[in-house]
1. Give the lysines reachable from residue 23 as a straight Cα distance under 18 Å; neighbours fewer than 8 places away on the same chain don't count.
2. For residue 1 and residue 68, compute 0.36 nm times the residue count separating them, minus their Cα-Cα distance, and round to one decimal in nm.
3. Hey, which lysines would be in cross-link range of residue 69, C-alpha to C-alpha under 19 Å, not counting anything within fewer than 8 residues on its own chain?
4. Can you tell me which aspartates and glutamates have their Cα less than 18 Å from the Cα of residue 17? Leave out same-chain residues fewer than eight positions away.
5. Modelling each spin label as a point 7 Å along the Cα-to-Cβ direction, I'd like the residue 43/residue 11 distance in nm, to one decimal.
6. Just how large is the dipole of the chain about the Cα centre, in debye to the nearest 20, putting +1 at every Lys and Arg Cβ and -1 at every Asp and Glu Cβ?
7. Using θ = phi - 60° and the Karplus curve 6.51 cos²θ - 1.76 cosθ + 1.60, what whole-Hz ³J(HN,Hα) does each residue of segment 41-58 get, with Gly and Pro shown as x?
Amino acid sequence: MVDLVLKLPNDLSWITKNKEGLKWVESAIISRLTEIKIGNLLAEKSELREGDIGELDHIIKRALYDKIKAEE
């Protein structure tokens, strides 16, 4: 296992005062790092091009706009 030094601002010192807080932080860090690793693995073999991103962005925004308009 790797040791990690984490510096927190003073207003978050409550985390270090009990074991449950530390377990929560450890779990959150592991979860986020796992998400990043999975994202990197998926993106590594992606054939998505720059132009595709703009097109997908437009499609998603249009669908959200249509959904919001339908709810009004």
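Every number in this text was worked out from the coordinates using simple rules, so none of it is lab data. Keep in mind it's a predicted model, so treat the numbers as computed, not measured. Cβ sites come from the backbone with ideal geometry, for glycine too, and all protein chains shown count toward neighbours.
1. Filter leaves 7.
2. Between residue 1 and residue 68, full extension yields 19.4 nm more.
3. 61
4. Filter leaves 26.
5. The two pseudo-label positions are separated by 3.0 nm.
6. My answer is approximately 340 debye.
7. Each residue of segment 41-58 in turn: 5, 5, 6, 4, 9, 6, 9, 5, 9, 4, x, 5, 5, x, 5, 4, 4, 5 Hz.
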